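Visitor: Just dropping this structure here.
The values are calculated or read from the model by the stated rules, or taken from the named source; none is laboratory data. Computed from a prediction, not measured in an experiment: that's the story for all the values here. So basically every Cβ, Gly included, is an ideal-geometry build from the backbone, and we count neighbours across all protein chains shown. Just so you know, the surface numbers come from the protein's heavy atoms only, side chains and all, with ligands and any DNA or RNA stripped out. Shrake-Rupley method; radii C 1.70, N 1.55, O 1.52, S 1.80 Å.
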Amino acid sequence: MELSGAEIVVQALKDEGVETIFGYPGGSVLHIYDALFQQDDIHHVLVRHEQGATHAADGYARSTGKPGVVLVTSGPGATNAITGIATAHLDSIPMVVLTGQVPSALIGTDAFQEVDTTGISRPCSKHTFLVKRVEDLAETMRKAFYIATTGRPGPVVVDIPKDITDPSVKIPYEYPRNLKMRSYSPVKKGHLGQIKKAVDLIYNAKRPIIYSGGGVVIDNSSGSLIDLARELGIPVTSTLMGLGAYPASDSQFLGMLGMHGNYEANMAMHEADVLIAIGARFDDRVTGHIAHFCPQAKIIHIDIDPSSISKNVRVDIPIVGSVKDVLNDMLRIIREGDRKIDNDGLTSWWERIEAWRGLGCLRYEQSDEVIKPQFAIETLHKVTGGDLYLTSDVGQHQMFAAQFYKFDKPRRWINSGGLGTMGFGLPAAMGVQMAHPDKQVACVTGEASILMCIQELATCKQHGLPIKIMLMNNGYMGMVRQWQEMFYEGRYSHSYVDALPDFVELTKSFGHVGMRVTKPSDLEAAMQEAFDRKDELVFLDILIDPTENVYPMIEAGKGHHVMAMSPASKQGDQR
Amino acid sequence: MKRHIISLLMENEAGALSNVSALFSARGFNIESLCVAPTDDPSLSRMTLVTTCSESVFEQITKQLNKLIDVVKLMDLSEGVHIEREMMLIKVRAEKEMREEIKRLAEIFRGKIIDVSDNSYVIEMTGDSDKLDAFVHVIPEDHVIEVVRTGVSGIARGVKSLTL
Ligand SMILES: Cc1ncc(C[n+]2csc(CCOP(=O)(O)OP(=O)(O)O)c2C)c(N)n1
Ligand SMILES: [Mg+2]
């Protein structure tokens, strides 16, 4: 088969099994767009801003486990994509970003729409390629997908100068399916000796806890995690990124840990004697002050990325390998042996945990007058029966959603945890809805966040994406306001979002349905109506209590055990 | 804090070198010298990198380097017995009675005078970094015109080697 570079790009996508790509055309990718036009296998979603394309591809990837694919032009197309590439990078999301580049002969001349795309994206992607010869294109595409999806996944950028895709130059095409790279061969199996040591440590534990992270979701290891936790009968806490991998409704689940984590989860971390970290990376939002982190615990750390191990916290038993392989080996060793975990120890551990749980750290003051954000999320859970793909923007609404929407399945909670990118929610929801046309998809957002990618409402119209947008409208950059209230004596510097649009009218002008809810008693019916309108995008402008804060909250520079609690929780500050 | 010499093989590809240097700046690792050239296998480059850091930072450096897609293999030369060499070209003012004196010093340090003008020499010298430092110090400061050093390259002693 003889193909041009542009046709090779498209054919390679087909050979990778890609069905949907997200993009925006421009001069340097016109050859590729022409090749796309002449085929029907790959569906192209035209976004309204390249940031939207990257977040949409990212949402697609997070909700399916398949790589998201982006196609943008050189210069501003590529720079607009950077935020989304960095977002995917920090959360280890497989993505292949194809960027056009000026013709090879013009590179380095400050040509029209030239930027050093590989240079800009290098520090925020897993790898970058600049294609030098059309003969290298097919192999580079294969390498990009291979690198993006294996080991610790991440975004890979392929920068393609325009002359490489010249339709008049045709070369023989064969897709290099069995690619091997001498410089890149991620491990899968964990070291059995280390795994046995870990099992020994667990059996000797009196107060063990599993700290599960995004790696469990990424490696589709939810089932193995559940099996392990049930087999041992030990508590499980999860990072923001790991929510859903262990069912939130299960009694062994202590909720999220970290800065806005549950009291019982953070206290259990602080008191644990053995910590089993699985696909988690000891992020500073999770650990609190490192010097006070898990002071009594021996730490087992399972991770595919050796550089994650002992980066922030020194661990006692590192196990490098795929989470799934390691968990399955661990389970096998446990099941083949006849050892028993210290039951008395475990019983008194659970008693303490139940006492912490009894505090009801997520308690909030309900109101008849004003909608509380916590109540809004609980209502969302009720209306959707817990069966929802929920994307989020960044701010208080994100934390409320993480705390109050009880995710029972992985890949259902889709948010920018590592980079904390406002503007992520709506385009990410587009990617999710594209991947799951018949599923309920909602985006929880704030009035500041939604404006960062609001243009994508047009994309939703064009592609008929019936996303439900749940705007927790508090009139403030709530998370910023909360910090200013707590740490800057209430000087609300530039955190009040003045001159907001009328979101209902705005939504209508894009051709969608917009509704406003102001009373707690109307909320459930409004949400119900939104989800009943199966084929329409519905934007709910929910006016919530502007003064609500997110609790619990680990105090700045403190350990897990020093949390500020909500006024409604039984006890005040725990010190 | 300890001085480490990392020797690494990487794909001889555009961007590979930037990937390494960008890693050091992005993660705030210190880099003292870096020396790179293709090997007998033209698809591979060999890099020798010197850094002084704590053990935990060094662990991160090697892990992060290994994580780079272009890096094929690396080893810490300073972990075992090894030879390290650096080459220096130094231009010195050499006038009147100093012409003899500098020639004598160069001989003591086994340097070679490879360029001579009426009032200057260029001396070529190879050795470990301490020796080169020592030579620069024995030349009176106002006589040193220019110093060019390659940075360290090194190799393990015995049969131990860094090859594919
Ligand atoms: C692109 C970007 N800019 C700035 C921030 C810092 N930031 C974090 S939360 C937040 C406020 C978000 O306000 P809103 O969307 O209304 O959500 P709320 O906290 O009120 O729920 C800001 C500005 C960010 N995370 N991302
Ligand atoms: Mg807000």
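Visitor: Out of the residues in the stretch A:495-514 meeting the condition of being open to solvent by 90 Å² or more (accessible area, probe 1.4 Å) and at pLDDT below 95, tell me which one is nearest to ligand 2 (Cβ to nearest atom).
Guide: Result: A:496.
Visitor: Sticking with this one: Which one is nearest to residue A:44 (Cα to Cα) among residues in the stretch A:440-451 that are open to solvent by less than 10 Å² (accessible area, probe 1.4 Å), among the aliphatic types (A, V, I, L, M) and within 16 Å of ligand 1 (Cβ to nearest atom)?
Guide: Out of the qualifying residues, it is A:442.
Visitor: Keeping to the stretch B:1-28, report how many residues are open to solvent by 30 Å² or more (accessible area, probe 1.4 Å), in a loop (DSSP other than H, G, I, E, B) and within 14 Å of another protein chain (Cβ to nearest Cβ).
Guide: Total meeting the criteria: 5.
Visitor: Any residue at all in the stretch A:376-393 that is assigned to a helix (DSSP H, G or I), open to solvent by 20 Å² or more (accessible area, probe 1.4 Å) and within 16 Å of ligand 2 (Cβ to nearest atom)?
Guide: No, that holds for no residue.
Visitor: Filter the stretch A:453-475 for residues that are surrounded by fewer than 23 Cβ atoms within 10 Å (Cβ to Cβ) and within 15 Å of ligand 2 (Cβ to nearest atom); which is farthest from the other protein chains (Cβ to nearest Cβ)?
Guide: Only one residue tops the list, namely A:475.
Visitor: Does residue A:277 qualify as being outside any loop (DSSP other than H, G, I, E, B) and crowded, with 24+ Cβ neighbours inside 10 Å?
Guide: Working: outside any loop (DSSP other than H, G, I, E, B): yes; crowded, with 24+ Cβ neighbours inside 10 Å: yes.
The answer is yes for residue A:277.
Visitor: Among the residues of the stretch A:137-160, count how many are more than 17 Å from residue B:69 (Cβ to Cβ) and surrounded by fewer than 24 Cβ atoms within 10 Å (Cβ to Cβ). Before you say what the answer is, go through the steps one by one.
Guide: Just the residues of the stretch A:137-160 that are more than 17 Å from residue B:69 (Cβ to Cβ), to begin with: A:137-138, A:160.
Okay, now just the ones that are also surrounded by fewer than 24 Cβ atoms within 10 Å (Cβ to Cβ), so A:138.
Total meeting the criteria: 1.
Visitor: Could you please let me know if residue A:484 is surrounded by 14 or more Cβ atoms within 10 Å (Cβ to Cβ), within 12 Å of ligand 1 (Cβ to nearest atom) and in the same structural domain as residue A:396 (by TED's automatic domain parsing)?
Guide: Yes.
Visitor: May I pose another question? Could you please give the count of residues in the stretch A:280-325 that are open to solvent by less than 10 Å² (accessible area, probe 1.4 Å) and among the small types (Gly, Ala, Ser)?
Guide: 5
Visitor: If you don't mind, there's one more thing I want to ask. Kindly provide the set of residues from the stretch A:109-125 that are more than 11 Å from residue A:159 (Cα to Cα) and within 12 Å of chain B (Cβ to nearest Cβ), ordered by number.
Guide: Passing the criteria: A:120, A:122, A:123, A:124, A:125.
Visitor: Looking at the stretch B:53-63, which of its residues are facing another protein chain (nearest Cβ under 10 Å), closer than 21 Å to residue B:154 by Cα and not basic (Lys, Arg)? Can you show your working first?
Guide: First, the residues of the stretch B:53-63 that are facing another protein chain (nearest Cβ under 10 Å): B:56, B:59-63.
With the extra rule that they be closer than 21 Å to residue B:154 by Cα, the set shrinks to B:59, B:61-63.
Selection gives B:59, B:61, B:62.
Visitor: Out of the residues in the stretch A:452-475 meeting the condition of being away from ligand 1 (no atom under 12 Å from the Cβ) and either among the β-branched types (Val, Ile, Thr) or under 20 Å from the mean Cα position of the chain (by Cα) (or both), tell me which one is nearest to residue A:547 (Cα to Cα). Spell out how you get there, then give the answer.
Guide: First pass over the stretch A:452-475, keeping only residues away from ligand 1 (no atom under 12 Å from the Cβ): A:455-469.
From what's left, either among the β-branched types (Val, Ile, Thr) or under 20 Å from the mean Cα position of the chain (by Cα) (or both): A:456, A:459, A:467-469.
Numbers: A:456: 29, A:459: 34, A:467: 28, A:468: 25, A:469: 22 Å.
In this case the residue turns out to be A:469.
Visitor: Shifting gears a bit: Mind checking which strands (runs of 3 or more DSSP E) fall wholly inside the stretch B:85-164 and carry at least 1 residues that are within 29 Å of residue B:37 (Cα to Cα) and charged (D, E, K, R)? So that I can check it myself, show each step before the final result.
Guide: On the way: elements: B:112-116, B:120-127, B:144-149, B:153-156.
Of the strands (runs of 3 or more DSSP E) lying wholly inside the stretch B:85-164, those with at least 1 residues that are within 29 Å of residue B:37 (Cα to Cα) and charged (D, E, K, R) span B:112-116, B:120-127, B:144-149.
Visitor: Also, quick follow-up: Restricting to the stretch A:170-209, give me the number of residues that are within 14 Å of another protein chain (Cβ to nearest Cβ) and of a type in the set (D, E, K, R).
Guide: From the stretch A:170-209, those within 14 Å of another protein chain (Cβ to nearest Cβ) are A:179-187; that's our starting set.
If we keep only those that are of a type in the set (D, E, K, R) as well, we get A:180, A:182.
Final tally of qualifying residues: 2.
Visitor: Sort out which residues of the stretch A:394-419 are open to solvent by 30 Å² or more (accessible area, probe 1.4 Å) and within 16 Å of ligand 2 (Cβ to nearest atom), and write them in order of number.
Guide: Correct list: A:394 only.
Visitor: For the stretch A:174-244, which helices (runs of 4 or more DSSP H) that fit wholly inside it have 1 or more residues that are of a type in the set (Lys, Arg)? Can you show your working first?
Guide: Values: elements: A:192-203, A:214-218, A:222-232.
Fully inside the stretch A:174-244 and qualifying: A:192-203, A:222-232.
Visitor: Could I ask something else about it? Could you say whether any residue in the stretch A:429-439 is within 16 Å of ligand 2 (Cβ to nearest atom) and open to solvent by 10 Å² or more (accessible area, probe 1.4 Å)? Steps first, please.
Guide: As a first pass, look at the stretch A:429-439 and keep what is within 16 Å of ligand 2 (Cβ to nearest atom): none.
So far as the stretch A:429-439 goes, no, none of its residues is within 16 Å of ligand 2 (Cβ to nearest atom) and open to solvent by 10 Å² or more (accessible area, probe 1.4 Å).
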